There are 4 protein chains.
Amino acid sequence: MPDARGHLLNSHMQQCIENCQDCHKACLETIPHCLQMGGKHAAANHIRLMMDCVEICQTSANFMQRGSDLHVFTCAACAEICDRCGDDCEKMADDPRMASCATMCRRCAESCREMTGHAVHR
Amino acid sequence: MPDARGHLLNSHMQQCIENCQDCHKACLETIPHCLQMGGKHAAANHIRLMMDCVEICQTSANFMQRGSDLHVFTCAACAEICDRCGDDCEKMADDPRMASCATMCRRCAESCREMTGHAVHR
Amino acid sequence: MPDARGHLLNSHMQQCIENCQDCHKACLETIPHCLQMGGKHAAANHIRLMMDCVEICQTSANFMQRGSDLHVFTCAACAEICDRCGDDCEKMADDPRMASCATMCRRCAESCREMTGHAVHR
Amino acid sequence: MPDARGHLLNSHMQQCIENCQDCHKACLETIPHCLQMGGKHAAANHIRLMMDCVEICQTSANFMQRGSDLHVFTCAACAEICDRCGDDCEKMADDPRMASCATMCRRCAESCREMTGHAVHR
């Protein structure tokens, strides 16, 4: 896209792809840690939420990498799911790995939400 | 879920999972056909839309199979994407394979939309 | 494929796709059960193995549905991974859900291995 | 892993994950380009091979990020599939985007093959 707004959108999208990948990586790598910790870390609902987050981040990044306009729908879903996963991780934020995971979830949710907004303005 | 409404929801969800899988299968198997046909069948936007549909149907089915409440968000995205893919396939509905693909997209969109509605009422 | 061998191969492949999907579904739906059971059911290595099995079954089915000759490589990986997941599930086979999961893993491993063999003869 | 060999393996695995992600990204972003170019770029077999490569790179990276020992099987499949995709892209290497895609495929194939070797020595 040749104009300033297009370039802005494009650079935002690159950032959003990276945030999705970072969040995907953080959650996927943290699941084994949670299972080893046991207790609330390994609660069925928490692990499932982490798995949900991993999958929607991957799907959302793939839509953007494929250059699909329909990323607005996957980004909308991703923002909601990352927010919930971030909430859950934050409850265990005395564990630095969970705190770091929560940060990635927040960052991804924020930029996915922003992508949805940009699309609405088109 | 023990009550009648729960059972209904559950049976609707089983149907929705099947519809997602059928739509995933139809679109994935039809992509090589489209590429061999060439012309509008192989237009970049059409193939991308089919790939989008394949991926969100898979993600949406996985969320439901994992028993995640957050399927409402992936089902919402899936309904929108399947509708667009169905529109695109319908434009080539003189080709029986595209007509069949369009039918699967419509069916999946409808049941995903229904899943979203059920969730809203909870 | 017009000849008898082709038809045979094709029908074997349809069966293998179904076995991959059934194993994917069995493992994905059983993960939350394992997490709720706790103990050895929820051991990090077991849950990770179930996640591995879910993902390779999905990938392997997708390769076959896409009509890719390279399914021989994903089927080879799938056979090995399903065998290991089946071994692990069998250790908890006094739990009927794990016994059923083990059966699906065995069936999938066997038909994936067969797909690899067919390909070798081509 | 505390010893020098463990650290080496670990750093090789980090590199392999990155190579899988780079190859996944290169192929996924190049599919729409191929479809727009038409001709041999958009041949059914070429697009399918690119889709195969995208999916196995993703699966292989996920296995490593999940910390699974079974990555040896997905890496083995990934090496074979990336090699074939690299061959196919190289035939169109007068197009810089295909040349770049071929490079990513080669790099991914090489490090996946190396991961398989490391595992054999364990």
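Quick note: the coordinates plus some simple rules give every number you see, no bench work behind them. All of these numbers come straight from a predicted model, not from anything done at the bench. Note that each Cβ is placed from the backbone with ideal geometry, even for glycine, and that neighbours are counted across all protein chains shown.
Computed quantities for the displayed model
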{"item": "Gyration tensor verdict on the protein assembly as shown (Cα atoms; rounded if a/c is under 1.5, prolate if a/b is larger than b/c, oblate otherwise)", "result": "rounded"}
{"item": "Max mean-square fluctuation residue, GNM over chain D, Cα-Cα springs under 10 Å, options D:Ala26, D:Ala77, D:Ala43", "result": "D:Ala43"}
{"item": "For B:Cys78, D:Cys16, order by how many other beta-carbon atoms lie within 10 Å, fewest first", "result": "D:Cys16, B:Cys78"}
{"item": "Vicinal HN-Hα couplings computed from phi for segment B:79-96 (Karplus, 6.51 cos²θ - 1.76 cosθ + 1.60; Hz; Gly/Pro x)", "result": "4, 5, 5, 5, 4, 5, 5, x, 4, 5, 5, 5, 5, 10, 6, 5, 8, x"}
{"item": "Loop-located trypsin sites (Lys or Arg not before Pro) in segment A:72-108 whose Cβ has at most 13 other Cβ within 10 Å (DSSP)", "result": "A:Lys91"}
{"item": "Rel. contact order, % - alpha carbon contacts under 8 angstrom, at least six apart, segment A:46-88", "result": "53 percent"}
{"item": "For segment D:28-122: relative contact order, % (alpha-carbon pairs under 8 angstrom, 6 or more apart)", "result": "25 percent"}
{"item": "Cα-based helix-to-principal-axis angle, C:4-37 vs chain C, degrees rounded to 10", "result": "10 degrees"}
{"item": "Rotation relating D and B, chain B residue nearest the axis via C-beta, angstrom", "result": "B:Ala42, 3"}
{"item": "Cα gyration tensor category, rounded, prolate or oblate, for segment A:12-100 with a/c compared to 1.5", "result": "prolate"}
{"item": "Footprinting exposure proxy for B:Met104, B:Met64 (fewest neighbouring C-beta atoms within 10 Å first)", "result": "B:Met64, B:Met104"}
{"item": "Proximal aspartates and glutamates to C:Lys40, defined as alpha-carbon separation beneath 15 angstrom and excluding residues fewer than eight positions away on the same chain", "result": "C:Asp87, C:Asp88, C:Glu90, C:Asp94, C:Asp95"}
{"item": "Qualifying aspartates and glutamates (Cα of each under 14 Å from Cα of B:Lys91; at least 8 residues distant if same chain)", "result": "B:Asp83"}
{"item": "Copies compared at A:Asp95 - label distances in nm, ascending, label defined 7 Å from Cα in the Cβ direction", "result": "2.0, 4.7, 5.0"}
{"item": "GNM result for chain A, Cα springs below 10 Å: residue of A:Gly86, A:Gly39, A:Gly67 fluctuating most strongly", "result": "A:Gly39"}
{"item": "Label geometry 7 Å along the beta-carbon vector: C:His33 inter-copy distances in nm", "result": "3.1, 3.6, 4.7"}
{"item": "Cα convex hull of segment C:38-81 - mean projected area over all directions, nm²", "result": "3.1 nm²"}
{"item": "Label distances, nm, C:Gly117 versus same residue in remaining copies, Cβ-directed 7 Å point", "result": "3.3, 5.0, 6.0"}
{"item": "Residue exposure sequence - B:Thr103, C:Thr74, A:Thr30 - by fewest surrounding Cβ within 10 Å", "result": "B:Thr103, A:Thr30, C:Thr74"}
